[in-house]
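Take a look at the structure below.
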Amino acid sequence: MSNAPRLTPHPSPATALSEGASRRSPLLATHRALGATMTDFAGWDMPLRYGSERDEHNAVRTKAGLFDLSHMGEITVTGAQAADLLDHALVGNIGTVGVGRARYTMVCQEDGGILDDLIVYRLQDQEYMVVANASNAQTVLDALTERAAGFDAEVRDDRDAYALIAVQGPESPGILKSLTDADLDGLKYYAGLPGTVAGVPALIARTGYTGEDGFELFVAPEHAVELWQALTKAGEGAGLVPCGLSCRDTLRLEAGMPLYGHELTTSLTPFDAGLGRVVKFEKTSNGGAFVGRAALEAAAERAATNPPRKLVGLIAEGRRVPRAGMPVVADGKVIGEITSGAPSPTLGKPIAMAYVDAAHAEPGTQGVGVDIRGTHEPYEVVALPFYKRQK
């Protein structure tokens with residue numbers, strides 16, 4: 001990606017924000033003009049919905065949806081030892097990521113607890129972009145900065161250097177093709193390439209959080225409104241609608257994708273969360289050492305021999321919707337806890353993810369319910385995800 005049109009590498013002094021200051025998407029006025037219901041999310045004023053969240057959800061499943069994700073936290077890591085630093089700081093094998101590709105990974109504490117889940121893009125041979133969740137961006141920045149000691153690498157806060165717009169759904173490739181000559185057909189899942197979209201320089205990534213095909217477009221903030229408007233116009237005949245955070249949550253829940261603070265926390269390791277595959281003990285950089293390795297090796301052994309609880313899917317037999325924190329019960333005993341729950345527009349039933357005792361985690365397990373305000377509602381235990389798109 002050495003020929004990439006360069007985006008603004010640093011926020012200008014006028015836009016750089018002091019720690020603790022509120023942050024606003026460059027699309028805030030656009031959302032308000034569209035009549036969005038706004039909500040505070042990790043210190044950002046973001047659109048929750050524009051109209052019916054069910055309609056927005058269904059549009060992404062059948063046509064296309066347009067999302068503002070400018071609250072996500074971009075952190076750039078550069079230098080001769082950038083890969084070595086990331087291999088030390090994160091649980092994944094980042095040094096093996098090719099230029100133009102991306103990898104899902106996590107940053108953990110020394111005790112193996114998850115600080116955040118991340119996507120890392122390799123932009124150039126010695127340049128990476130780490131994308132953190134909005135609520136954890138400062139935590140991830142602090143961890144990478146601290147762990148960079150002794151490495152020939154620079155960690156840079158680029159949260160104010162990017163706006164992020166996503167177009168997701170089966171019609172998204174056609175919509176985007178009408179605005180760019182970038183090789184979208186050759187762009188694989190979890191890959192990115194530089195290009196221009198509607199004349200705007202962008203990093204075009206084939207990633208998303210909806211379970212559908214789609215793209216995430218990293219652009220300079222001053223181009224966000226122009227790009228949003230161009231995508232809106234290009235999608236008029238394809239059923240594209242603006243979408244808020246509410247339907248993004250139900251989309252990711254149907255797709256079995258974890259949300260930090262719900263399925264992922266500092267009290268859980270990746271193995272506890274059923275995501276041990278992201279931990280790469282075989283990586284050889286730094287002599288195979290990385291933050292949390294010893295604790296994660298022990299967690300891997302526990303998960304293989306005697307897992308305390310497993311993450312499962314639950315589908316309601318009735319209509320009552322489970323919410324995070326509600327107890328999962330069987331035989332009059334609490335066997336787990338709901339982490340995320342919502343009505344599923346695609347399945348037409350309430351669904352949930354929950355950590356339950358291993359003895360009740362097999363799909364089809366009978367007698368499992370959710371304690372919803374004192375009433376034990378029956379639920380079916382199923383394997384995740386609830387929904388998987390047809391390739």
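The values are calculated or read from the model by the stated rules, or taken from the named source; none is laboratory data. Please read these numbers as outputs of a predicted model, since none were measured by experiment. FYI the Cβ positions are ideal-geometry reconstructions off the backbone, even for glycines, and counts take in every protein chain you see. Just so you know, the surface numbers come from the protein's heavy atoms only, side chains and all, with ligands and any DNA or RNA stripped out. Shrake-Rupley method; radii C 1.70, N 1.55, O 1.52, S 1.80 Å.
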Regarding segment 134-258, what is the average projected area of its C-alpha convex hull, in nm²? 9.1
In units of 2.2 N^0.38 Å, what is the alpha-carbon radius of gyration of segment 222-309? 1.68
Give the value in nm², to one decimal: projected area of the alpha carbon convex hull of segment 29-87, averaged over all directions. 6.6
Under a point-charge model restricted to the Cβ atoms of Lys and Arg (+1) and Asp and Glu (-1), what is the dipole moment magnitude of segment 308-391 relative to its Cα centre, in debye to the nearest 20? 440
Of all GluC sites (Glu not before Pro) in segment 20-123, which ones are in loop regions per DSSP and have a Cβ with at most 15 other Cβ atoms within 10 Å? Glu110
Which residue, chosen from Ile335, Pro345, Gly318, occupies the Cα position most advanced towards the positive end of the dipole of segment 308-391, where the dipole is computed from +1 (Lys, Arg) and -1 (Asp, Glu) charges on Cβ about the Cα centre? Pro345
For the chain, report the translational diffusion coefficient in µm²/s to the nearest whole number, using Stokes-Einstein at 37 °C, 0.692 mPa s, and a Kirkwood Rh over Cα pairs. 151
Cα-based Rg and Dmax for segment 308-391, where Dmax is the largest Cα-Cα distance (Å): 11.8, 42
Ordering Glu212, Glu297 by how much accessible area each has at a 1.4 Å probe, largest first, what is the list? Glu297, Glu212
Please give the contour-minus-distance gain from Thr145 to Tyr190: 0.36 nm per residue of separation, less the Cα-Cα distance, rounded to one decimal in nm. 13.7 nm
Taking 10 °C and 1.306 mPa s as the conditions, I'd like the Stokes-Einstein D for segment 45-168 in µm²/s, using the Kirkwood hydrodynamic radius from alpha carbon pairs. 102
Report the residue, chosen from Lys333, Lys283, Lys63, that carries the largest GNM mean-square fluctuation when the chain is represented by alpha-carbon nodes joined by springs under 10 Å. Lys333
Send over a whole-number figure in Å² for the accessible area per residue of segment 308-391, probe 1.4 Å. 51
Order Leu115, Leu90, most accessible first, counting only protein heavy atoms with a 1.4 angstrom probe. Leu115, Leu90
For the chain, what % of the accessible area comes from carbon and sulfur atoms, probe 1.4 Å? 49
Alpha carbons only, please: Rg and Dmax for segment 260-315, in angstrom. 12.6, 45
Compare Val334, Val167 by solvent-accessible area with a 1.4 Å probe and give them largest first, with all protein chains kept in place. Val334, Val167
222 nm mean residue ellipticity, helices alone, for the chain (DSSP H n ≥ 4; -39,500 (n - 2.57); rounded to 500): -5500 deg cm²/dmol
When the convex hull of the C-alpha atoms of segment 346-391 is computed, what volume per residue in Å³ does it have? 100
Given 20 °C and 1.002 mPa s, how large is the Stokes-Einstein diffusion coefficient of segment 234-391 in µm²/s, with Rh as the Kirkwood radius over Cα pairs? 125
If you roll a 1.4 Å probe over the heavy atoms of the protein chains, what accessible area per residue do you get for segment 183-282, in Å²? 35
Rounded to the nearest 10 Å², the accessible area of Val225 at probe 1.4 Å: 50
